[in-house]
1. Kindly indicate whether PHE45 is touching a helix residue (DSSP H, G or I) at 6+ places or on another chain (Cβ under 9 Å) and among the aromatic types (Phe, Trp, Tyr).
2. Examine the stretch 156-178 for a residue that is among the aromatic types (Phe, Trp, Tyr), in a helix (DSSP H, G or I) and more than 22 Å from VAL50 (Cα to Cα), and state whether such a residue exists.
3. Among the residues of the stretch 142-162, which ones are open to solvent by 40 Å² or more (accessible area, probe 1.4 Å) and either closer than 15 Å to LEU84 by Cα or in contact with an Asp or Glu (Cβ under 8 Å, 6 or more places away or on another chain) (or both)?
4. Considering each residue of the stretch 185-195, count those that are touching a Leu at 6+ places or on another chain (Cβ under 9 Å) and under 18 Å from ALA54 (Cα atoms), and give that number.
5. Test MET207 against the stated conditions and say whether it is open to solvent by 40 Å² or more (accessible area, probe 1.4 Å), out of contact with any Cys (no Cβ under 7 Å at 6 or more places or on another chain) and aliphatic (A, V, I, L, M).
6. Restricting to the stretch 44-78, what's the tally of residues that are part of a loop (DSSP other than H, G, I, E, B) and surrounded by 15 or more Cβ atoms within 10 Å (Cβ to Cβ)?
7. Kindly evaluate ASP35 against the criterion of being more than 24 Å from LEU146 (Cα to Cα) and open to solvent by 60 Å² or more (accessible area, probe 1.4 Å).
Amino acid sequence: MAVTLEAADRIATITLDRPDAGNALDLETTRELRDQVRHALEDPFVDILVLKGAGNDFCVGSDTSAAEESNDPTTHVFELAAALDDLFGTLDQSSKPIVVGVRGLAAGSGLGLVLAGDLALCSPGATFEVAPRGGPGAPDAGLAWLLPRAIGQQRALSFALGRQTLDAERAQDWGIATIVADDEMDERLRELAEALGGEHLWASGEMRRLLRTSWDTSRQDLSQSEAVVLVRALLNRASR
């Protein structure tokens with residue numbers, strides 16, 4: 001299996017496990033990751049998702065080698081793009097907070113996974129790129145939607161067109177990830193997941209929903225939703 005899932009203490013840890021390929025997302029791995037995410041989201045005993053990669057890199061982007069070797073590359077590329085869209089849509093619609101841990105390179109769709117999460121931690125040596133490693137230089141499917149929403153359009157254009165490699169400090173300055181010591185990564189991911197869960201779980205999920213739906217919701221409707229959440233929060237506190 002290219003993706004593993006372990007659940008304990010109401011936290012599901014999903015690990016990309018193709019270290020020899022930089023955890024690149026080919027069609028099979030993308031579908032497997034989507035299925036594992038769905039499984040965790042549907043599990044009533046899971047409150048928080050943690051996403052990380054095995055080996056030296058988090059995820060170097062999409063693996064298009066099958067398309068390049070095929071007599072019909074168009075079909076392969078569109079199948080992979082559809083699978084990525086399905087994956088990112090599943091993450092976007094999550095009712096559970098998602099925490100991401102990045103070691104090494106996060107590029108292309110790997111960067112997309114970071115941005116699709118709610119909070120990300122990275123090691124001091126982590127790097128971030130728009131184009132996937134070894135690809136033709138074009139962005140992976142899903143990234144053009146995620147990137148400008150995360151860091152702003154002009155910064156996204158500069159990042160992508162300038163083919164920049166962001167180091168961990170720049171990524172932290174841009175709000176993409178928070179630096180933690182490499183040997184503390186797993187412990188800090190668990191601490192962060194635990195802080196989002198427990199008595200704070202309902203509020204964390206509602207805050208996630210409000211912020212992520214704000215792009216497609218009118219100001220008036222969003223204000224009404226915020227009011228409903230506030231009333232529910234007050235009633236929840238009063239009933240304790």
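The values are calculated or read from the model by the stated rules, or taken from the named source; none is laboratory data. In this text, all values refer to a predicted model and were calculated from it rather than measured experimentally. Cβ sites come from the backbone with ideal geometry, for glycine too, and all protein chains shown count toward neighbours. Surface areas here come from the heavy atoms of the whole protein model, side chains and all, with no ligands, DNA or RNA. Shrake-Rupley method; radii C 1.70, N 1.55, O 1.52, S 1.80 Å.
1. no
2. yes
3. The answer is ALA144, TRP145.
4. 3
5. yes
6. Here the count works out to 10.
7. Answer is no for this residue.
Quick grid of which residues meet (1) more than 17 Å from the chain's Cα centre (by Cα); (2) closer than 25 Å to ILE179 by Cβ; (3) modelled with pLDDT of 95 or more:
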position	(1), (2), (3)
ASP35	no, no, yes
HIS39	no, no, yes
VAL50	no, yes, yes
THR75	yes, no, no
ARG103	no, yes, yes
LEU111	no, yes, yes
PRO132	no, yes, no
ASP140	no, yes, no
